[in-house]
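S.K.: Structure provided below as structure tokens; questions to follow.
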Amino acid sequence: MLGGEHPDLLAEWLTAAVARDRRVPAHLLPALLDRARRVSPSDPELRRLSAEAGGSRARWLARLNPDWKFVTALAEARRGCLAARRQEPAARATWPRCAPGIPRPARDLITQSWEAAGPDERLMFINAITDGLSLADEPLLEAALDDSGAWVRKMAADVLATLPGSALGQRMARRALGCLRVESGVRGTRMIVIPPAGCDAAMRRDGVTSRQGGGLQETDGRTHLLHEVLARTPLRTWTDRFGRTAEQILAVPSGAWAPVLFTGWSRAAMAQRDQEWMTRP
């Protein structure tokens, strides 16, 4: 996995480690940080998970190697948010009982600093927002979808796709529901797949790209678009629509589309940290 194979499994392993407050073995940290460094800054999940699973030792290593500065940048952003939260006298008394989402003073500080910040700083701001994400953070992230930086727009879209109840998630669900349906007939139950016809400006704003790649054996761009839409759609969309559990949905035959559906749903499960969909039948 550290060599680049099975990237979804690496993210899944790190997610499980972070959830259980485990740390990556010390002798594997350099290879892990190098692996995380090679991913695009617009795809922060592996970097965030590597930093969290690496713990204090990863932060120590990052101070010795500038190639791993993303670890300390993330930690600094989080400390900045915490400091901004504690600057408000009334907030100090309620700190242990604070609501989900970044503190309002910190969110205000990010909003006020946004225009003057460069692309790298804006990426750091969005990384900081991912901790304790809530709908209170949605307006800032929605505005970032129109940012001049392509990586900033993509990261904002990716973060919004993980936020339950977000407007982006609802928009993706409407698109996705037009792509899949379950039919029952004399030949049994099967999944009918109709990929998106194209990628319009609204889809691009929501983080969907028309680029092909990522290891899928694609016959055309529509296959890639289907994967992109599935990866950003709230998984509850499918259990609500089909009235089935995740395991039952995954078991519905879908013919040649099965690999595309599986990879799209797997990516969504990792981003949304949905244990039901992570558990394979």
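S.K.: At ALA201 and ALA251, where each label point lies 7 Å from the Cα along Cα→Cβ, what is the point-to-point distance in nanometres?
M.R.: 4.6 nm
S.K.: For GLU5 paired with THR111, estimate the spin-label separation in nm (one decimal), with each label point 7 Å from Cα along the Cα-to-Cβ line.
M.R.: Going from the GLU5 label point to the THR111 one covers 4.9 nm.
S.K.: A further question follows. Full-extension gain between SER210 and LEU64, please, as 0.36 nm times their residue separation minus the C-alpha to C-alpha distance.
M.R.: In short, 48.7 nm is gained.
S.K.: How long is the gain from GLU142 to ARG38 if the chain were fully straight, where each residue apart is worth 0.36 nm and the alpha carbon distance is subtracted?
M.R.: So the extension gain works out to 34.7 nm.
Readers should treat all values here as calculations from the given coordinates under stated rules, not as data from a laboratory. Bear in mind that the values here come from a model prediction, so they are computed numbers and not experimental data. Virtual Cβ from ideal backbone geometry, glycine too; neighbours counted across all protein chains shown.
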